[in-house]
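J.: Have a look at this one before I ask anything.
The values are calculated or read from the model by the stated rules, or taken from the named source; none is laboratory data. As the structure is a prediction and not an experimental result, all values here were calculated from the model. Counting neighbours? That spans all protein chains shown, and the Cβs are built from the backbone with ideal geometry, glycine included.
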Amino acid sequence: MHRIVTLPMMLLTLSLLPAMAIAGELESGDAALQAGKTREAFNHYMAAYGEALAANDPARVDSLRLKVVAAVALLNPPPAVPDEVYLREGAAEAAVRLARSPQEFKNAAEEYLAAIRLAPWLTADYFNLGVVLEKAGDPEQAIRYLKLYLQLAPNAPDTIEVKKRIGGLQYAQSHAGAEAQLEQQRQQQQAQLAAMAGLWQAGPSRYRVTLAGNQLTIELAATWYDNGWHAAAAPIYNGFWRGTVENGRFSGSFTQDWSQAWGNGSRYERSCSGTVDVAARTISLHYRELNPAGIAYTTERAMFAAGFNEQERDFSLTLNNRVGN
């Protein structure tokens, strides 16, 4: 009876081959090391290391680096360093000297990585790689290789300095993460604020809300009376509110332009403050408003104000009925 091998079974078998090869070499290396055959163990560990690199298995690669370094510590003489390693290290050092941008430091990191792939027992290159990755703006990988350096060379004379460097990178990384979160929140709030621009109806009034960056302006656009909407003389009778919005706080002014009414040709402006809830689309402001105390007429029957009164006002507007852009 013939056994039928399906395509999924074949693919599963193929996917397991690298892991099986790594496990086999690792088992042979451990057995050789236990038998005192250190160089043979080193060769098996290097073979497993090459398989892990090809399988793109970072965790297995790092564990095998530890095995390789432990075996090399027992070898006398140590294994020969391939000439290409020195070429890669020289290229990395030159790249660091000439680097003027994060990308150029990344180029140096690639050279150190190439050297480490060929000779993973050269522990100094892990430190060099960590430093270069830090300058390349990759703190996560910098921390990884600096920690690996401490694992591979626990008795290195610069252990304390490297630990401090890792601590500094972790602090900067967490600080940058918090800043990135705040920036994301700021951008979200800015988008919500921008969505408040338009023509909105609130009861018998329509308000025009305009935005330029974080500068907010509110003007009365029209009022309903005599069974229709009529354009409002907002600068004359109701004024306009203009200010900046930062972290939900409004700070600006309330302005009334009397140059076209009441005959006194003056412009009235007072400070205005309040809150802007972008999530609820609610604007709440407090300001002082100027109103005519009475009306008088010239001999030509032109109307003008007979004095003014200044009054405290609260203004609240919820934008939930958009009627135009």
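J.: Inspect all residues belonging to region 98-110 and state whether any of them is under 20 Å from D62 (Cα atoms) and not polar (S, T, N, Q).
T.: Yes, that holds for at least one residue.
J.: Those residues that are closer than 20 Å to L53 by Cα and basic (K, R), I need them from region 87-143; list them, please.
T.: Hits for region 87-143 are R88, K106, R117.
J.: Looking at region 223-235, is at least one residue surrounded by 15 or more Cβ atoms within 10 Å (Cβ to Cβ), touching a Gly at 6+ places or on another chain (Cβ under 6 Å) and under 26 Å from V323 (Cα atoms)?
T.: No: region 223-235 contains no residue that is surrounded by 15 or more Cβ atoms within 10 Å (Cβ to Cβ), touching a Gly at 6+ places or on another chain (Cβ under 6 Å) and under 26 Å from V323 (Cα atoms).
J.: Let me ask something else about it. Got at least one residue in region 115-125 being under 21 Å from A59 (Cβ atoms) and either under 23 Å from the mean Cα position of the chain (by Cα) or among the aromatic types (F, W, Y) (or both)?
T.: yes
J.: Here are some conditions: (1) touching a Gly at 6+ places or on another chain (Cβ under 6 Å); (2) without any contact (Cβ under 8 Å) to a residue 12 or more places away in the chain; (3) of a type outside the set (A, V, I, L, M). P102 meets all but one. Which one does it not meet?
T.: Checking P102 against (1) touching a Gly at 6+ places or on another chain (Cβ under 6 Å); (2) without any contact (Cβ under 8 Å) to a residue 12 or more places away in the chain; (3) of a type outside the set (A, V, I, L, M), the one that fails is (2).
Condition check ((1) acidic (D, E); (2) modelled with pLDDT of 95 or more; (3) closer than 21 Å to Y149 by Cα; (4) outside the structural domain of Y145 (by TED's automatic domain parsing)) across all residues:
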{"residue": "K37", "(1), (2), (3), (4)": "no, yes, no, no"}
{"residue": "E51", "(1), (2), (3), (4)": "yes, no, no, no"}
{"residue": "V68", "(1), (2), (3), (4)": "no, yes, yes, no"}
{"residue": "D83", "(1), (2), (3), (4)": "yes, yes, no, no"}
{"residue": "R97", "(1), (2), (3), (4)": "no, yes, no, no"}
{"residue": "R117", "(1), (2), (3), (4)": "no, yes, yes, no"}
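J.: Quick check on region 181-195. Is at least one of its residues in contact with a strand residue (DSSP E or B) (Cβ under 7 Å, 6 or more places away or on another chain) and either within 22 Å of T275 (Cβ to Cβ) or assigned by TED's automatic domain parsing to the domain that holds P120 (or both)?
T.: Yes, region 181-195 contains at least one residue that is in contact with a strand residue (DSSP E or B) (Cβ under 7 Å, 6 or more places away or on another chain) and either within 22 Å of T275 (Cβ to Cβ) or assigned by TED's automatic domain parsing to the domain that holds P120 (or both).
J.: Next question. From the list A180, A194, A202, which one is exposed (fewer than 15 other Cβ atoms within 10 Å of the Cβ) and touching a residue at least 60 places away in the same chain (Cβ under 8 Å)?
T.: A202
J.: Another question, if that's okay. So which residues in region 82-114 are under 15 Å from A142 (Cα atoms) and aromatic (F, W, Y)?
T.: Scanning region 82-114 gives F105, Y112.
J.: Hey, any hits in region 144-167 for a residue that's farther than 26 Å from Y45 by Cα, exposed (fewer than 15 other Cβ atoms within 10 Å of the Cβ) and of a type in the set (K, R)?
T.: yes
J.: If we keep just the residues of region 143-185 that are acidic (D, E) and modelled with pLDDT of 95 or more, which is farthest from V68 (Cα to Cα)?
T.: Across region 143-185, the extreme among qualifying residues is E161.
J.: Filter region 4-35 down to residues that are among the polar types (S, T, N, Q) and loosely packed, with under 11 Cβ neighbours inside 10 Å and give me whichever is modelled with the lowest pLDDT.
T.: That would be S15.
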